[in-house]
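K.L.:
I'd like to ask you about the structure that follows.
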Amino acid sequence: MSAQEENRTFVVWDYLVFAGMLFMSVAIGVYYAFRRGGQQTKEDFLIGGRKMTAVPVALSLTSSFMSAITILGVPSEIYRFGAIFSLYALSYIVVMVVSAEIFLPVFYKLGITSTYEYLELRFNKRIRLCGTVLFILQTILYTGVVIYAPALAMNQVTKINLWGTIIATGAVCIFCSSMGGFKAVVWIHVFQAGIKLAGFLAVIIQGTVVQGGISNVLNDSYHGGRLNFWDFNPNPFQRYTFWTIIVGGSFTYITIFGINPTQVQRYNSCKSRFHAKMSLYINLIGCWAILASTTLCGLVLYSRYHDCDPWTAKKVAAPDQLIPYLAMDILRDYPGLPGLFLACIYSATLSTVSASVNALAAVTVSDLIQPHFPSLSEKAWLCKMTSLLYGSLAIGMAAMASLMGGLLQVVLSIFGVIGGPLLGLFSLGILVPFANSVGAFVGLITGFAISLWIGIGAQLYPPLPERSVPLSLITDGCNLTSFHQQRNWTVTTGAPFSPNAFQVHNEERTPLMDNWYSLSFLYFSTIGTLVTILVGIIASLLTGGRRQSIDDRFLLTKEDFLSNFNFFKKEKRVLNQQLYVIRNGGTNAPDFSQPTNQPTNQST
């Protein structure tokens, strides 16, 4: 390997392309900040006045889903564990159908800004507060990881100070989301979707050309065991199998698309239920496109380094730096293209963080401020200040992300540990008519305690290679003369995971560590959801849940399930007296442990 290869760096054209992406993103935020007098009300700032259509919302859903974690983490997972990750194509179908046909109808007909408003309507204020706090914790943790990811890539390809990059990234994200509000976030996502596609295609096309064509890429991947599309091993401790991806992956991503305010806020902004549902189904096509791109990118990555793994050869510090390393390796002779790929990564971060910060502002204003200060909560400036606060907290959380292991596993673990119990809580409310507030609270606390126990244990005692079954990584093709350190280059079977600062090094691992804590991280959400539902049902039955009468508008009815699309008239949203009182800082939702005589609403 030549000195030129070892000293890859940006040139002027790369910086110009990257700066152009940042300028356009900021310009969109400024435009919507002042367009027609700016964002005058909370509804304008947080949900775009509920006038959005399906296509831009779908692109926004897809764009924010394609975070820097996806771009950096998924190809490295395929590089290490094979193309079995592509089975997510099947789980995405389950996710979109469940989200569109079970959760969306209930949230849309209520016309709520935050999904946690539903918890107060269905249960009480305390349950709503619990859900809100868990969501805020989850989203700040997630946003910190997302900000850390592109800074890691920038450090790899430009050698710019890591923490300076983290602060700069967070600052741009805060500006875009706090200035222009929801509409700016959506249209920034639409613009950045094109940047992401261009960056991915540059790496895939050039990588395929460099390797001599797609046939050589597939041939290298086949002989390296990376074309392992099917594995029906029921072992729950293996990192990726058909069952962990279809079952565990579906539960994990339903927590994102079904109940997470970041996503629900966007399809609830649509002008009709038809547009809301279509945004999810169009987004399914986008998710498939992202998965196909990341899978092919991972196979190109493996083909390029199948006999000289940069990670075990210490050319990169973490697997999540492999894709930036590849981009600088194959695109360095084309000025501007390395900058385009880094712009792709940063676009992914900007779109995800801006959506998360906007959702955090929506939840905080709707769930924590409005019940106590209804007049103050209608001010757009309060939403902007809240966005600024959460953006600053997310930058701080990026420090914690630097202490953890692989980015993709960290993110999915966060959604599993916190999102799983929340999914169980919403499922109790929507699908179980006799679930009451006592059962909901006991179920949520139990589900969260168990999933947190597993999640922390997995960080302290990560699974051994024989449990997670990583594929072989080879370094015997590396050029020894290009390194100052003397190493013995051998075949490495089961290279270690990225170390994390919390890992406990213990020579004697107990059966509990080798079994319970070695559970595939994709099952964290499944366990949290099922435990919450099961305990919630039992606790509700023991506390008189069957004696209550629930208004149909808070449940999934047969009129809601698989309802026909109607694009001839605008959907009517429910604004009943209970919802009006709650939104205006009034009394708590009724105690559903007692029968009520309110008429049911068969709204479609």
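K.L.:
Convert each backbone phi in the stretch 54-60 into a coupling constant with the Karplus relation 6.51 cos²θ - 1.76 cosθ + 1.60 (shift: θ = phi - 60°), then list the ³J(HN,Hα) values in order as whole Hz, x for Gly and Pro.
P.N.:
So the Karplus estimates, Gly and Pro as x, are 5, 5, x, 5, 4, 4, 5 Hz.
K.L.:
Given R₀ = 30 Å, FRET efficiency for Ile93-Val55 by Cβ-Cβ distance, to 0.05?
P.N.:
Approximately 0.90, to the nearest 0.05.
K.L.:
Sticking with this structure for a sec: Using the 10 angstrom Cβ neighbour count as an exposure proxy, how do Val217, Val11 rank, fewest first?
P.N.:
With the sparsest Cβ surroundings first, the list reads Val11, Val217.
K.L.:
Turning to a different aspect of this structure: Could you estimate the translational diffusion coefficient of the stretch 285-342 from the Stokes-Einstein equation, with Rh from the Kirkwood formula over C-alpha pairs, at 4 °C and 1.567 mPa s, in whole µm²/s?
P.N.:
The Stokes-Einstein estimate is 104 µm²/s.
K.L.:
Let me know the Rg and Dmax you get for the stretch 185-315 when you use only its Cα atoms, in Å.
P.N.:
When restricted to Cα atoms, the stretch 185-315 yields Rg and Dmax of 18.6, 54 Å.
K.L.:
Apply the Karplus parameterisation 6.51 cos²θ - 1.76 cosθ + 1.60, with θ equal to phi minus 60°, to every residue of the stretch 430-443 and state each ³J(HN,Hα) to the nearest whole Hz, in sequence, with x for glycine and proline.
P.N.:
So the Karplus estimates, Gly and Pro as x, are 7, 10, 10, x, 8, 5, 10, 5, 5, x, 4, 5, 5, x Hz.
K.L.:
In nm², what is the average projected area of the convex hull enclosing the Cα atoms of the stretch 270-376?
P.N.:
Result: 11.2 nm².
K.L.:
Could you list which residues have their amide H under 5 Å from that of Asp231, counting only those 5 or more apart in sequence or on another chain, with H placed in the peptide plane?
P.N.:
Phe242
K.L.:
Which ordering of Trp311, Trp243, Trp288 is given by a fewest-first count of other beta-carbon atoms within 10 Å?
P.N.:
Trp288, Trp243, Trp311
K.L.:
Sticking with this one: Using θ = phi - 60° and the Karplus curve 6.51 cos²θ - 1.76 cosθ + 1.60, what whole-Hz ³J(HN,Hα) does each residue of the stretch 255-269 get, with Gly and Pro shown as x?
P.N.:
Karplus values, whole Hz, x for Gly and Pro: 4, 8, 8, x, 10, 5, x, 4, 8, 4, 4, 7, 6, 6, 7.
K.L.:
Report the per residue volume, in Å³, of the convex hull enclosing the C-alpha atoms of the stretch 69-130.
P.N.:
Spelled out: Cα convex hull of the stretch 69-130, divided by residues, is 132 Å³.
K.L.:
Tell me whether the stretch 408-457 comes out rounded, prolate or oblate; compute the Cα gyration tensor, take square roots of the eigenvalues as a ≥ b ≥ c, and use a/c under 1.5 as the rounded threshold.
P.N.:
Taking the square roots of the gyration eigenvalues as a ≥ b ≥ c, the stretch 408-457 is oblate.
All of the numbers you see were taken from the coordinates with simple rules; none came from a lab. A quick note: this is a predicted structure, and the numbers were derived from the prediction, not measured. When we count neighbours, we look across all protein chains shown, and the Cβ atoms used for this are built from the backbone with ideal geometry, even at glycine.
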